Amino acid sequence: MRNEQPKMIYLKDYQAPEYLIDETHLTFELFEDHTLVHAQLVMRRNPARGAGLPPLVLDGQQLELLALALDGVELTAADYQLSDSQLTLQPKAVSFVVDSSVRIHPESNTALEGLYKSGSMFCTQCEAEGFRKITYYLDRPDVMSKFTTTLSGEQHKYPVLLSNGNLIASGPDDNGRHWATWEDPFMKPAYLFALVAGDLWCVEDSFTTMSQREVTLRIYVEPENIDKCQHAMDSLKKSMRWDEEVYGREYDLDIFMIVAVNDFNMGAMENKGLNIFNSSCVLARAETATDAAHQRVEGVVAHEYFHNWSGNRVTCRDWFQLSLKEGFTVFRDAEFSADMNSRTVKRIEDVAFLRTNQFAEDAGPMAHPVRPDSFIEISNFYTLTVYEKGSEVVRMIHTLLGAEGFRKGTDLYFQRHDGQAVTCDDFVKAMEDANGVELTQFKRWYSQGGTPRLAVSESYDAANQSYSLTFRQSCPATPGQSEKLPFVIPVELGLLNGQGADLPLRLAGEPAAQGTTRVLSVTEAEQVFTFVDVAEKPLPSLLRGLSAPVKLNFAYDRDQLMFLMQHDSDGFNRWEAGQQLAVQVLQELIGQHQRGAALVLDQRLVVALRTVLENPSLDQAMVAEMLSLPSEAYLTEISEVADVEAIHTAREFARQQLAESLFQPLWQRYQANREVSRQSAYVAEAGHFARRSLQNIALSYLLLTARPEVLAACLEQYDSCDNMTERLAALAVLVNSAHEQERAKALAVFAEHFKGNPLVMDQWFSVQAASALPGGLQRVRELMEHPAFTLKNPNKVRALIGAFAGQNLVNFHSADGSGYRFLADMVITLNALNPQIAARQLAPLTRWRKYDSARQALMKAELERILASGELSSDVYEVVSKSLA
Ligand code: TRP
Ligand code: ZN
């Protein structure tokens, strides 16, 4: 908790460190009621900061200082100053050694930052500023050091003792204890330090690198999970090969370890040679993990592995540069997943997620540029903007330079900056230098926040056979930024003729046409592009693959969207046309509901989806994506003022109508796919994901019709399937249905069968928390009393509270404000237990601007109540105070 007024940190104040730490020698003595940490720091004055010996200011929080020595001479209290967060002492020479001993309490650390216990095991989480809760240190990413770590603990409780790098010695101690010493040959900042001690089993494999080095691969888990590691191991080997093939990057140590822990604030952490994972991002097998979970494991394993180069070998100078590693690494893992599975489906999922969630963040009080200018608590800046929009920025560079130019840029970046702590500017400079281009204006994507709008209008000149597109870009104000300069917006497009074929594209002034799809760079506030040799008025297919993270506006009518859905050569834009058609139809229904008029569904949506369903040549995953109506959260994001109730009613009405009208093709598709599922063993591959996704979305529509054969089919699937994808889908459909008895029975059977598996129970909580049926809050309150629930486990908090506030919009936004009051109560409780998780759960309340004035008042009142509730963590304080500003 704060003892001082929280301080804003500014990028403009950055200064290189006064001192450097060449070597870090750590010793941990792990006990049940405390841990002793001894640190020996071999230090010197940073030559880049000139002569003189200013005071040495070490970071440290919640540490009990037991002893301190400078060059072997014990210091007394008169020789140093100690505050809540700093230890200051005076060096006497350019080079010196600091020895410290501190006592810490991992056994009572519920914040899950620094050294803590997850169940019976010890583990660490140091990013971003957690190392200072372990020992006094220069806890900043531009201080890189060579680490040696010795840890000791009771042999029978902690048979496995791990840290970064290579094991160099180990042995027994007296009285039942043992020790191990690890040495990491690579210089690294403290945020990449890790330690694990526990009773763990491991799955071992090996990988031969491109230069024929053998690397040992180990995944450590609690014994009962040893049968759920194969998918992560396969994903790891695929990632290692892919990074060699696509980026020329080879692994650099002799061993790579992953440890799964149950209590973890985020997905996973890329500690050098010793990645620590939320168990939800490692464990997967057919019976307990859905297809989505399998794909998440694959993606997160790849993400953390890729950090070894984009993050570890080349790291961040300061935390304002976080997107340097995170945006780039998200782009790398997205491309990996696209190569392993279906590229178009991966892009659709990522774009839907970005537009629903990152666009909302960018429109709210916590909006910030990809490279923020200031922060109070860096943990609050592990955001969708830094990660997902940051990845879009890297993707645009890839689009502008092409795959080959981009690879030249990354080769230069890795070679030039290996072993360094650098900035986003350094990344862009490498791209520029390797390609002989200038990206000065492009860099506004790093410094300006907010989602740009791109309005496009057309004009066709039949006499001259020319077709012009006018692009107008603008960007709304965001906190601290009222005026925005134009961005470089790469617009990938094609022009369709009346038969739906792509026309050759020749811009005025060009000698000949250049392909049928191309990327235009929109760089001005208003800019016209004219195509020539256009024999008929075309239909434009704009922003293919979402080539820039902008809100596009072009006045398509519904017939044009149906045409694009059928004919666009770009699969992503076929889906996009379907989404826009659905948005138009749903917004019309929302209007009807608000006027009190009868709801009438535009039959063109039915026709369009029937065409898709009855086309056997389409990828089944694409059919499933097309059948998925825009979510309530997305409809909220694109509303000026979101009418929660109207959105829900309109969308449910459309689903009901579609289910009735398309019953035959849905039922046929469902039965055919279920039959294949029944005949085949579970396989975690794209073709199988596709079949099950269509099967399950069909089922969700079908159960909206009151036909007994559908209920029977749903129960059959629930009872006799062999995998969690089919089982959870059937359960979710029942939970949202009016079949009360079947629902209760299925939930009880599920809980009884899976009560010993916390990750499966998380899904059981989520499915119920997200149910839009009335009485949602009461159900959540009851579930909080369930023996499997605890506020101390972040996965449980996300599964129940996060799912309720983030996905169950009608219940959370109940007009009486009960949902808001509940969430505020949870945040106040969590603030004292785990500030990072508390601050993250606040996100739905920060969106208050989207709602009617009555709800705004209720939401703001809850934010005020949190602010007045007493000692707030800097995490919660920052989000609440900025939301109210
Ligand atoms: N660097 C981690 C990643 O791969 C993010 C992360 C893991 C993290 N644990 C954290 C960030 C705790 C802040 C706090 O994206
Ligand atoms: Zn990351």
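The values are calculated or read from the model by the stated rules, or taken from the named source; none is laboratory data. All values derive from a computational prediction rather than experimental measurement. Backbone-built Cβ (ideal geometry, glycine too); neighbour counts: all protein chains shown. Keep in mind that these areas ignore ligands, DNA and RNA; they rest on the heavy atoms of the full protein, side chains included. Shrake-Rupley method; radii C 1.70, N 1.55, O 1.52, S 1.80 Å.
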ask   = Regarding residue 312, is this residue more than 26 Å from residue 405 (Cβ to Cβ) and either touching a Gly at 6+ places or on another chain (Cβ under 7 Å) or polar (S, T, N, Q) (or both)?
value = no
task = Scan region 260-279 residue by residue and report those that are within 13 Å of ligand 1 (Cβ to nearest atom) and either closer than 18 Å to residue 223 by Cα or in a helix (DSSP H, G or I) (or both).
result = 261, 263, 276, 277, 278
ask   = Residue check: is residue 129 surrounded by 15 or more Cβ atoms within 10 Å (Cβ to Cβ) and touching a Lys or Arg at 6+ places or on another chain (Cβ under 8 Å)?
value = no
remark   = Going through region 186-203 in order, the residues found to be part of a strand (DSSP E or B) and among the aliphatic types (A, V, I, L, M) are 187, 195, 196, 197, 203
message = Against the condition part of a helix (DSSP H, G or I) and either touching a Phe, Trp or Tyr at 6+ places or on another chain (Cβ under 9 Å) or within 14 Å of residue 351 (Cβ to Cβ) (or both), how does residue 588 come out, does it pass?
response = no
request  = Keeping to region 635-689, report how many residues are assigned to a helix (DSSP H, G or I) and hydrophobic (A, V, I, L, M, F, W, C).
outcome  = 16
Conditions (1) part of a helix (DSSP H, G or I); (2) under 20 Å from residue 876 (Cα atoms); (3) open to solvent by 20 Å² or more (accessible area, probe 1.4 Å); (4) not acidic (Asp, Glu); number of the one not met by residue 777 = (2)
task = Return the pairs, sorted by first residue and then second, in which the second residue is part of a loop (DSSP other than H, G, I, E, B) and within 15 Å of ligand 2 (Cβ to nearest atom), the first residue lies in region 277-305 and is among the acidic types (Asp, Glu), the beta carbons are less than 7 Å apart, and the residues are 6+ apart or on different chains.
result = 304/270
remark   = In region 393-412, residues that are in contact (Cβ under 8 Å) with a residue 12 or more places away in the chain, open to solvent by 10 Å² or more (accessible area, probe 1.4 Å) and out of contact with any strand residue (DSSP E or B) (no Cβ under 8 Å at 6 or more places or on another chain) total 7
key: For residue 287: the one exception among (1) charged (D, E, K, R); (2) outside any helix (DSSP H, G or I); (3) within 14 Å of ligand 1 (Cβ to nearest atom)   = (3)
query = Across region 336-385, what is the total count of residues that are open to solvent by 10 Å² or more (accessible area, probe 1.4 Å), within 16 Å of ligand 1 (Cβ to nearest atom), under 16 Å from the mean Cα position of the chain (by Cα) and not polar (S, T, N, Q)?
reply = 4
task = State whether one or more residues within region 815-823 are under 25 Å from residue 760 (Cα atoms), open to solvent by 10 Å² or more (accessible area, probe 1.4 Å) and either more than 23 Å from the chain's Cα centre (by Cα) or not charged (D, E, K, R) (or both).
result = no
note = Of the listed residues (187, 210, 233, 240), the one being within 29 Å of residue 41 (Cβ to Cβ) and aliphatic (A, V, I, L, M) is 187
ask   = If residue 303 satisfies every condition in (1) open to solvent by less than 10 Å² (accessible area, probe 1.4 Å); (2) closer than 21 Å to residue 253 by Cβ; (3) within 11 Å of ligand 1 (Cβ to nearest atom) but one, which is the exception?
value = (1)
ask   = What are the residues in region 789-848 that are of a type in the set (Lys, Arg) and either modelled with pLDDT under 95 or in a helix (DSSP H, G or I) (or both), if any?
value = 796, 798, 821, 840
